[in-house]
Structures are given as structure tokens and as C-alpha cells.
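Novice: I have a structure here, written as C-alpha cells, and I will follow up with some questions on it.
We did not get these values from a lab; they are worked out from the coordinates using the rules stated. Because the structure is a prediction, the values reported are computed rather than measured. As a convention, Cβ positions derive from the backbone with ideal geometry for all residues, glycine included, and neighbour counts pool all protein chains shown.
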């Protein structure tokens, strides 16, 4: 998790654990990632990485997030960032069927991980 904290520092992002209904979200106006404090550490890391995907790829595009087409693309890119990070962290060793199932991804993702 230290590497994740290094990325947060690099982008000067504050991390706040809080009791919220969803898993987490990034507020670009405040440059804060809010994470549900009730999640276990592994899930918190996944959510932080997903939100970092938004920071890295979409920080200046927040106004487009309410458009369904852009939102879908942004969510895809943030999820891809998270999964790619986790795969790289495990030296590229993973079972793509498990990845698809664990993250509730459709079969369209399969070709991206083979």
C-alpha cells in the first residue's frame, strides 16, 4: 500500500476515510479521494487505485462526467488503471477469469488481459 501512498503524494491528493454509502469517489475541486472507512484494506486499495485512475486520466475533464457516454468511458479507464496496477504489482501473474469475475467485468475485457 506504500506505493499507492507515494502516488497520492505525487499528485498532492488528500485521502479521507469516511462513513459513506458508496465505496469512494474523487472530488477534483478539493483534490481529495474519499473512501468508505468500512471497507477492508484490500478493497480500500482497489477503490483508491480506481479513483487515482480518474485523477491521472480525467482531472481536467470533471465537467464531462455527467454525460453518460463520457462517464462510461471514464469509468472504464479508471477500472483499467486499477486492474493494470494490480496485475503489474503481481509481476503480471493473474488468472484473467478471476479478474473478470472479481471485478464484475464483461467478456469484452478478456482480450485486454490476454
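For every residue, the table says whether it meets (1) farther than 20 Å from residue 66 by Cβ; (2) under 15 Å from the mean Cα position of the chain (by Cα); (3) surrounded by 12 or more Cβ atoms within 10 Å (Cβ to Cβ).
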{"position": "15", "(1), (2), (3)": "yes, yes, yes"}
{"position": "22", "(1), (2), (3)": "no, yes, no"}
{"position": "27", "(1), (2), (3)": "no, yes, yes"}
{"position": "36", "(1), (2), (3)": "yes, yes, yes"}
{"position": "39", "(1), (2), (3)": "yes, yes, yes"}
{"position": "45", "(1), (2), (3)": "yes, yes, yes"}
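Novice: Within the stretch 50-64, is there a residue that is in contact with a strand residue (DSSP E or B) (Cβ under 7 Å, 6 or more places away or on another chain), surrounded by 15 or more Cβ atoms within 10 Å (Cβ to Cβ) and free of Cβ contacts under 8 Å to residues at least 40 places away in the same chain?
Specialist: Initial filter on the stretch 50-64 (in contact with a strand residue (DSSP E or B) (Cβ under 7 Å, 6 or more places away or on another chain)): 51, 54-55.
Those still in the list that are surrounded by 15 or more Cβ atoms within 10 Å (Cβ to Cβ) too: 51, 54-55.
Of the ones still in play, those that are also free of Cβ contacts under 8 Å to residues at least 40 places away in the same chain are 51, 54.
Within the stretch 50-64 (the criterion being in contact with a strand residue (DSSP E or B) (Cβ under 7 Å, 6 or more places away or on another chain), surrounded by 15 or more Cβ atoms within 10 Å (Cβ to Cβ) and free of Cβ contacts under 8 Å to residues at least 40 places away in the same chain), the answer is yes, since at least one residue qualifies.
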